[in-house]
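Since the structure comes first, as C-alpha cells, the remarks are kept for the end.
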Amino acid sequence: MVGAVRAAHLVAKDQATPARRLVLPLKNNLAPDSTGLAYTITTAENGAPVVCWEAAPVTTTADAALAEEPDDRQTAITDAADWLREQLAGGAVLVKDLKKEAADSGLAWRTIQRAKTSLRVKAYRSRFNEGWQWGLPATKDAADPTEKPQERQSDTHLPELGALGALGPRAGVECKNLSLEGAEKPKSAKDAKDAKDAKDAKKDNVGVLGEIDDLEEGVL
C-alpha cells in the first residue's frame, strides 16, 4: 500500500515518554519530508478521551524512531525465553497448552516463537497423537525425545544362540585360553613308521591263538 499512495506517515511510541506518540513522515511525493508531529491522549472531566497535539514540530526521523524499538523487542524476547524455559523445565509440553498459558500471562505468541528459536527448543509430535509438543534440547545426561529409541546390548545381555547358550562370558565360568601350548604335536612320516616298526617287534607268535599285541607275562 505504501508504494501506491502519495504520502505515508508512521505512528511510533516515544521511548523517552511512553504516553507520547510521534507522527513521522515515511514517504511524501507531494512535498519535501521535513518534520513530524506529536500527541498524547488524556481524559476529559466527563471521562472522554482527548487527543492533545503539540505545537512544536518533531525533528526525529522515522528511521531513528524505529531504530530504538529493537531494544524493547529484545527485552520482550528475553522475558519470553525465561518464561518458556520455566514452562519446559519439567519436560515437553503440548503447544496448545503453551498458547493458553502465554495468553493468560499476557505474552504475544509471536514473541514466544522468537524465544523458542533463541532457546533452540525442539518441536515434535506427541506419541499419543495429542498434537505438537515443545521440549528443551537434550543435555548430555538426558535423552532426546525426538530420537527413536534404539535397542542396545551390553556384555551382560548378549543374544542367545539356541543350544550354544549365550554369546559371551557367564558368571562363575572361567574362560581358558585354548592354545597349542602343551598339546601333542603331529608326528612326521618317519616318526610314524618307526613307531609302527617298534610295535610290530613287540608282537609274539603264540600258536593257534594268533598274535596278541603286548602280551602280559603270566596270562597264559
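The values are calculated or read from the model by the stated rules, or taken from the named source; none is laboratory data. Predicted, not measured: the structure shown is a model, and the values here were computed from it. Virtual Cβ from ideal backbone geometry, glycine too; neighbours counted across all protein chains shown.
Can you name every residue in the range 2-30 that is of a type in the set (A, V, I, L, M) and closer than 16 Å to Ala62 by Cβ?
So the first thing to find is which residues in the range 2-30 are of a type in the set (A, V, I, L, M), and the list is 2, 4-5, 7-8, 10-12, 16, 19, 22-24, 26, 30.
Within the range 2-30, Val2, Val5, Ala7, Ala8, Leu10, Val11, Ala12, Leu22, Val23, Leu24, Leu26 meet the criteria.
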Total residues in the range 36-74, condition more than 47 Å from the chain's Cα centre (by Cα) and either loosely packed, with under 13 Cβ neighbours inside 10 Å or of a type in the set (Phe, Trp, Tyr) (or both): 19
Complete set of residues in the range 121-135 that are over 14 Å from Val95 (Cβ atoms) and at pLDDT 90 or above: none
Arg120 passes all but one of the listed conditions (1) closer than 25 Å to Thr75 by Cβ; (2) touching a helix residue (DSSP H, G or I) at 6+ places or on another chain (Cβ under 7 Å); the exception is number (2)
Counting only residues that are out of contact with any Ser or Thr (no Cβ under 6 Å at 6 or more places or on another chain), over 30 Å from Trp134 (Cα atoms) and not aliphatic (A, V, I, L, M), give me the strands (runs of 3 or more DSSP E) lying completely in the range 2-95 with at least 3 of them. 20-28, 37-43
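Each row is one residue, and each column tells you yes or no for (1) out of contact with any helix residue (DSSP H, G or I) (no Cβ under 9 Å at 6 or more places or on another chain); (2) at pLDDT 90 or above; (3) more than 26 Å from Gln74 (Cα to Cα).
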{"residue": "Glu101", "(1), (2), (3)": "no, yes, no"}
{"residue": "Arg114", "(1), (2), (3)": "no, no, no"}
{"residue": "Gln150", "(1), (2), (3)": "yes, no, yes"}
{"residue": "Glu160", "(1), (2), (3)": "yes, no, yes"}
{"residue": "Leu164", "(1), (2), (3)": "yes, no, yes"}
{"residue": "Arg170", "(1), (2), (3)": "yes, no, yes"}
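Please go through the range 25-55 and pick out each residue that is small (Gly, Ala, Ser) and more than 20 Å from Val11 (Cβ to Cβ).
Our first condition is that a residue be small (Gly, Ala, Ser); within the range 25-55, this holds for 31, 34, 36, 38, 44, 47-48, 55.
Within the range 25-55, Ala44, Gly47, Ala48 meet the criteria.
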Residue hits (the range 96-121; outside any helix (DSSP H, G or I) and exposed (fewer than 13 other Cβ atoms within 10 Å of the Cβ)) are Ser105, Gly106, Ala108, Arg120
Cβ pairs under 7 Å, 6+ apart or interchain, first in the range 15-31 and farther than 15 Å from Leu66 by Cβ, second surrounded by 15 or more Cβ atoms within 10 Å (Cβ to Cβ), ordered by first then second residue, are Arg20/Asp14; Arg20/Ala38
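Would you confirm, using the coordinates I've provided, whether Leu84 is closer than 26 Å to Ala16 by Cα and in contact (Cβ under 8 Å) with a residue 24 or more places away in the chain?
Numbers: closer than 26 Å to Ala16 by Cα: no; in contact (Cβ under 8 Å) with a residue 24 or more places away in the chain: yes.
So Leu84 fails the test.
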